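Comments concern the structure below.
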Amino acid sequence: MFEGYADASGASVAKSSREHAVFEAICSLNVAHRVTAGSILMKKKLRDEWPRLVSRMLSSRSSTNKGIAVEVFDTRPSDGSQEASLALGERMLGGGGQMGLLMRAFDWSATPVGPIEGWPQSLRTTVEILLTSRFPMFLWWGPELVQFYNDGYRPSLGYDRHPAALGARGREFWAEIWPTIGPQIDAVMAGESTWHEDHFVPINRNGRFEEVYWTYGYSPVRDNTGRIGGVLAIVQETTSRVEALRKVKVSEARLADLFRQAPALICVLRGPEHVFEIANEAFIQFVGSRTVLGRPVREVLPDAEGQGFFELLDRVIETGETFLGTEMPLTLLRPHDSVPEARFVTFIYRALVEADGSHSGVFVHGVDVTDQVRAREALEAANRNAEEARRRAEEANIVKTRFVASMSHELRTPLNAIGGYAQLLEMGIRGPITEAQREDIARIQHAQKHLLGLINSVLSFARLESGGLQYEIENVRVGVSLAEAMDLVIPQLRDEGIEYHGAYCDSDSDQRPLMVQADAEKMRQILVNLLTNAGKFTPRGGSVTLTCEAVEEGRPPGVVAIRVVDTGVGIAKDKLENIFEPFMQIGRAQTSTYEGVGLGLAISRDLARAMGGNLTVESEVGVGSIFTLTLPRA
């Protein structure tokens, strides 16, 4: 504490510790006036500022300032009349918290209502009621509508309109909202009370124009003569509640929209009779656009009786146990023709539990899964049919394979005998033969070999289809396999007047042996077939060329590509894939000179793929064809 203050002339004036505390508290406030102790204690000008300073102290967060403010009136200088007025105010307006202190310190003589001692009893009583109430209250008094309010109302003014509102004239102070509240106050002054709930009355406060909602009532207050002297406002700001309700309504609208548009079947049933309280559009459409709201479920859906759904509802509302149904069948009558229609639903029944634990209804959420169930049933039926067809095909294939094997044996035996007897005749075992007879024997032998080849092809294809072929995969030298195939085919090519060109295929460019992983016999069978076909479809004077190379394809070590190139008739582009189909003879449509049943290429590609390789073709009509056999490199 300071020991003393300097007065206006600079002299030191010793004061009590209480006066020091008052001075310190006031000077700690950020007031507009910077004054000396002497001016505070001695100058009359500052006396008018004391109510505002006290209000600032009361509004401060500091409990010390608030405590000092209670005593400030005892320490401020005044003449006798002011002390008498303060004492009178204390007797007339006792209590009232911070606003009580302000009202007692306020210079009411400067307002139209005059000093407190001149107030009518009705005004004193109303102000005392206002000050002692914790509910927000506001009073306008007299023709000028001088303003009074209590601690409950003070926060509604914000930080910048209190305490300026106290003692102010209503029309001037509330100019921004007077077009709204002015007519209401006029009506009350004429004797008519008003009530407004969540009324929108925006005001200027806290340095800005705020949108504010209020619930308030205006009531007339009569003076001592019985005439209306003022308006008492019982006020509560409801901005937070209105905004919260607005958000709730928006949220409810969104939920209602989601509920209405939800593709699921949703409804709420109330009471033991399961009366429809709500149902969304999907549910109403599902039951055939029936009228459901406010009606019991048994009345709405009598055609569902006996199917177990009503009994489940009874059990759920009785026990509270949730029930989940999966793909349960439900038969309902179609509304337009009353024909029973079976549907399938997956749904949940959940009891609605009240605060006391009772079950008031059932929440229903379901999905129409009819299309899924029928699609699955159709797929299952198709799978059963396919499995049955596969089983029958396998049985037929086994029978066919056995038949082909048996027929091949039965056919090859006499064909071999024909061939043997033809050789005996050719050798002259039965006596000398003429040149004409020798030519006939040669024709017999040619026909026998051709027919035997056809039978062998059919038998090989039957074994391949049935999976009866065995493969002995080993490392095979490409050059050796090609040489063996060429030895069998080159004589035929020369006899037909076709040139043959063969590349050296025993090693690659790095002089490493070209090796593949294959079954040697089946690899040779493919090569013989390709070379034979090339000769068959190449006219005299044409050529057949065989090449090979190592290709880095996929993972190392890659593959070996063996190509058979001819200058034959060629194949149309739209027929290229067809030539690998069984019994397909592309050239037969052009000429009947090409022999065979059309199994060679089909067998060759299946053999190549079974060994991990492939057989492909490129061709152009009138230019020739290129068949490429690829096998994994060893």
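Find, among the GluC sites (Glu not before Pro) in segment 199-285, those assigned to loop by DSSP (not H, G, I, E, B) with at most 16 other beta-carbon atoms within 10 angstrom.
GLU211, GLU273
What figure, in Å² to the nearest 10, do you get for the accessible area of PHE259 with a 1.4 Å probe and non-protein molecules left out?
60
List the residues whose amide H sits under 5 Å from the amide H of VAL146, counting only those 5 or more places along or on another chain, with H placed 1.01 Å from N in the peptide plane.
Answer set, sorted by chain and number: TRP141, GLY170.
Using a/c under 1.5 as the rounded threshold, could you call segment 222-320 rounded, prolate or oblate? The axes a ≥ b ≥ c are square roots of the C-alpha gyration tensor eigenvalues, and prolate needs a/b larger than b/c, oblate otherwise.
Judged from the Cα gyration tensor, segment 222-320 comes out prolate (a/c at least 1.5, a/b above b/c).
Just subtract the alpha-carbon distance of THR434 and VAL399 from 0.36 nm times their residue separation and send over the number in nm, one decimal.
Gain on stretching THR434 to VAL399: 7.9 nm.
For a label point 7 angstrom out from the Cα of ALA442 toward its Cβ, which stretches of segment 496-517 have the backbone nitrogen within less than 20 Å?
Answer for this model: 496-498.
Distance in nm between label sites at ILE129 and GLN492, each 7 Å beyond Cα in the beta-carbon direction?
Simple spin-label model gives 12.7 nm for this pair.
Using a ≥ b ≥ c from the Cα gyration tensor of segment 160-213 (square roots of the eigenvalues), is it rounded, prolate or oblate, where a/c under 1.5 gives rounded and otherwise the larger of a/b and b/c decides, a/b for prolate?
oblate
Place a point 7 Å from the Cα of GLU341 along the Cα-to-Cβ direction; which residues of segment 264-278 have their backbone N under 16 Å from it?
265
FRET efficiency for ALA378 and GLN470, Cβ-Cβ distance as r, R0 = 51 Å, nearest 0.05?
Computed FRET efficiency for ALA378 and GLN470 comes out at 0.80.
Hey, with R₀ at 25 Å, roughly what FRET efficiency would ALA175 and GLU117 work out to, going by the Cβ-Cβ distance, to 0.05?
0.20
Quick one: which residues, 5+ away or cross-chain, put their amide H under 5 Å from the amide H of ARG205? H built at 1.01 Å from N.
HN-HN under 5 Å from ARG205: GLU210.
Give the separation of the Cα centroids, segment 525-576 to segment 140-182, in Å.
Their Cα centres are 107 Å away from one another.
Once you sort the root eigenvalues of the Cα gyration tensor of segment 120-167 as a ≥ b ≥ c, which label holds: rounded (a/c under 1.5), prolate (a/b larger than b/c) or oblate (the other case)?
Taking the square roots of the gyration eigenvalues as a ≥ b ≥ c, segment 120-167 is oblate.
So if each residue of separation counts as 0.36 nm, and I subtract the Cα-Cα distance between SER507 and ARG391, what length gain in nm does that give?
Difference between extended and current length: 37.0 nm.
Evaluate the distance, in nm, between pseudo-label points positioned 7 Å from the Cα of GLU299 and of THR225 along their respective Cα→Cβ axes.
In this crude label model, GLU299 to THR225 measures out at 6.8 nm.
Pulled fully out, how much extra length does the chain show between LEU333 and THR547, if you take 0.36 nm times their separation in residues and subtract their Cα-Cα distance?
69.5 nm
Compute the signed sum of charges (Lys and Arg +1, Asp and Glu -1) over the other residues within less than 10 Å, Cβ to Cβ, of THR370.
Details: positive: ARG343, ARG374; negative: GLU327, GLU341, ASP368, ASP371.
After counting each charged neighbour, the total is -2.
The values are calculated or read from the model by the stated rules, or taken from the named source; none is laboratory data. Just so it is clear, the structure is predicted and the values come from calculations on it, not from any experiment. Note that each Cβ is placed from the backbone with ideal geometry, even for glycine, and that neighbours are counted across all protein chains shown. Surface accessibility is based on the protein's heavy atoms, side chains included, excluding ligands, DNA and RNA. Shrake-Rupley method; radii C 1.70, N 1.55, O 1.52, S 1.80 Å.
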